[in-house]
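Notes for the one structure printed next.
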Amino acid sequence: MKDGDSERKLAVLVAIDVVGYSKSVERNEAKTIANLRKYRAMLDPMIESMGGRIFNTGGDSVFAEFGSAVQALKCAAHFQRDVHEKNRSLKITDQMFFRVGVNLGDVIEDNDNLLGDGVNVAARLESICQSGGVCISKAIYDLVKDKVEEEFHDIGLQRVKENQFHAFDVLINETKRRQRKNTHSRTKKVSLAVLATAVVTIAVFFLVNPSFNSKDTDMGFTLPTKPSLIVLPFKNLSGDPEKIFIAEGIAENITSQVSRSSDVFVISNNSAKKVAGMGLDSSEIADAVGVRYLMSGSVQEAAGSLRVNVELIDAIDDRIVWVDKFSGKTEQLFEFQDLITESVFKNLQINFMSKLGGSSNHSSHWSSIEEMRLFGEGRRHLLKWTPDAHNEMERVVNEVYTGPQSSGPAHLLRGWLYFQKVMMDGPEHWELNIAEGRRMAQLAFDIMQTPNPLVLGAWFDLYERSYDAAQQKVTKAAGMGSPTGDMLAVGGTVYLLSMKPLEAKKMLAEAMRISPFHPAWYANRYATSLAMLGENGEAKKVAQSIFEKAKSGEIFSLQGSRALVTLALIADRENEPKKARDYVNEIVQIQPSFTQKELDKQLGMLKDQDLLAEYKRLLDKYGLPRD
């Protein structure tokens, strides 16, 4: 049919767009464009081979036309699965993620281009799609539902700008089931003049709705039923790079204080640092970690004066909930932290004082800004786990710790020093180091009343094979507010080594949810728990992912070798000796120094030593060197 000089027709339309492309270009234009070309080299021939044609492109977006709804959907799903596999082999900074919308609609031909409402709806479907997913209109669903082997999820009637349409998710990769209410165009951030109204509105919402349904959101993760928050690293505006520890410290401290309430879900500080460096906007950050609220801010310090700006954003409604600024002397930093934390709880309608009673007791904080800096330095040395770094940590501890009158964090840091001494000083100092480390952990807990000293104490219990005492400590720590990812991962490890893999699995899964960008050892412990439970399919999936990341250089080879141990043991259990030997050969290739002695570091404190001996026997059979 003609409309003036233009030809109208019905077409199957596919809209494809890169998640966070603009931010990525701002960060590194040349690298972003080069990466996009690699993905386009996958996409363009795939469209052509499956009967489609590209009729328009613009920056990171691609619009394609197909003659068949089935072929269009197959192409979209195939592309997203290939992207998912490609990303697994790449470093995070090299990965790209896409959204795809598919629609059947009326269009106008304009030379080789297509215009009209059908194209607009395809673009709207793409805009509400989950990262890594495919979202289709009901017209497409009706045509393909009985013709393709895909699982669909109805997300209902959507309204985006001037378009209204019924949409379905295609459940591929890691997309989640969701139920969305009418989706409106993103509202602009409210001005300062109406902030008071915003605060009252959010307060009333939580007063009458103590929880909210995660299915009402667009998140890749399922939202918790309680308020969920990520505290992003604050920006250092001091003009002095050495002052970055103040900006990092305030964000970490606020995260720790808010986490002391069980009425709020808080993303770990390490994951907050990781996602902050990915160049995502607010909604993309919220989607990446599965929270509703984002806190960000800046710190400016000069000549003993301090200014802190802070902002709390509702990422789902895309609006500012609260902004504030604090000015004073540098030594008032800890007071500012308490005021900011209290404001967060007031705005989320959570009882601050009853949940965090004692948080303003500054013996649980550092005694000074300088001590906070030294604590961060000491922790960095601890994590390097080398003799030289250990000596540097001891130097820092000797500056921070001055005896029983020291702050809680000073006792805690000294406790971690002795934790490392147990591993590094040898058996002749074993009892002395354990006793002093346990004493420091207990004193730190008496002062701070926070989970971290309990977790440290649990490690010393494990050293002495006091499994019940270790379990009691991590259980108590888990009940103190919202536990951190590290606390839960250590708790899971305690249960794993105590031969309670089901409890370990649950804690480790929760640890990985709180820390979406978690260390690889979380996942390795999780895979071991699954294997001990006989959940071989999921264990292999997790372990294989760890190995592939190690092989690509994204994580240390040690974690890849430990994952291969799990894969080899499962292969033996499933009567596949060739696979088991291949996995052991891979260990030797990626880490020649890995021997059976490494198992003692990984599982040496296992309560069932006969099981550890059996693991060693099997790995010996498949050629893993003994020492």
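The values are calculated or read from the model by the stated rules, or taken from the named source; none is laboratory data. Predicted, not measured: the structure shown is a model, and the values here were computed from it. Ideal geometry is used to build each Cβ from the backbone, glycine not excepted, and the neighbour counts take in all protein chains shown. These accessible areas exclude ligands, DNA and RNA; they are computed on the full protein's heavy atoms, side chains included. Shrake-Rupley method; radii C 1.70, N 1.55, O 1.52, S 1.80 Å.
A few comments on the model shown:
- The single condition from (1) under 28 Å from the mean Cα position of the chain (by Cα); (2) crowded, with 19+ Cβ neighbours inside 10 Å that L502 fails is (2).
- Taking every residue in region 30-44 that is under 22 Å from A76 (Cα atoms) and pairing it with any residue that is modelled with pLDDT under 95 and exposed (fewer than 15 other Cβ atoms within 10 Å of the Cβ), at least 6 positions away or on another chain, the pairs with Cβ-Cβ distances below 8 Å are M42/D82.
- Of all the criteria given as (1) at pLDDT 90 or above; (2) open to solvent by 40 Å² or more (accessible area, probe 1.4 Å), the one not satisfied by L192 is (1).
- Helices (runs of 4 or more DSSP H) contained entirely in region 513-627, each with at least 2 residues that are touching a helix residue (DSSP H, G or I) at 6+ places or on another chain (Cβ under 7 Å) and over 25 Å from V494 (Cβ atoms): 536-551, 557-573, 577-590
- Single unsatisfied condition, E431 versus (1) touching a residue at least 24 places away in the same chain (Cβ under 8 Å); (2) more than 24 Å from E242 (Cα to Cα); (3) in a helix (DSSP H, G or I): (1)
- Any hit, region 28-48, residues being outside any helix (DSSP H, G or I), out of contact with any strand residue (DSSP E or B) (no Cβ under 6 Å at 6 or more places or on another chain) and open to solvent by 30 Å² or more (accessible area, probe 1.4 Å): yes
- Verdict on A72 being closer than 23 Å to I140 by Cβ, open to solvent by less than 60 Å² (accessible area, probe 1.4 Å), at pLDDT 95 or above and in a helix (DSSP H, G or I): yes
- Single residue of G457, G491 found to be modelled with pLDDT of 90 or more, within 20 Å of the chain's Cα centre (by Cα), farther than 24 Å from E548 by Cα and of a type in the set (G, A, S): G491
- Only listed residue being hydroxyl-bearing (S, T, Y) and either touching a Cys at 6+ places or on another chain (Cβ under 8 Å) or closer than 30 Å to E29 by Cα (or both), chosen from S343, S259, S282: S282
- Here the condition is being surrounded by fewer than 22 Cβ atoms within 10 Å (Cβ to Cβ) and within 27 Å of E331 (Cα to Cα); of E377, E464, it holds for E377 alone.
- Residue check, I54 assigned to a strand (DSSP E or B), touching a residue at least 60 places away in the same chain (Cβ under 8 Å) and either closer than 22 Å to A123 by Cα or not small (G, A, S) (or both): no
- Only a single criterion out of (1) more than 23 Å from D620 (Cβ to Cβ); (2) without any contact (Cβ under 8 Å) to a residue 24 or more places away in the chain; (3) open to solvent by less than 10 Å² (accessible area, probe 1.4 Å) is not satisfied by V494, namely (2).
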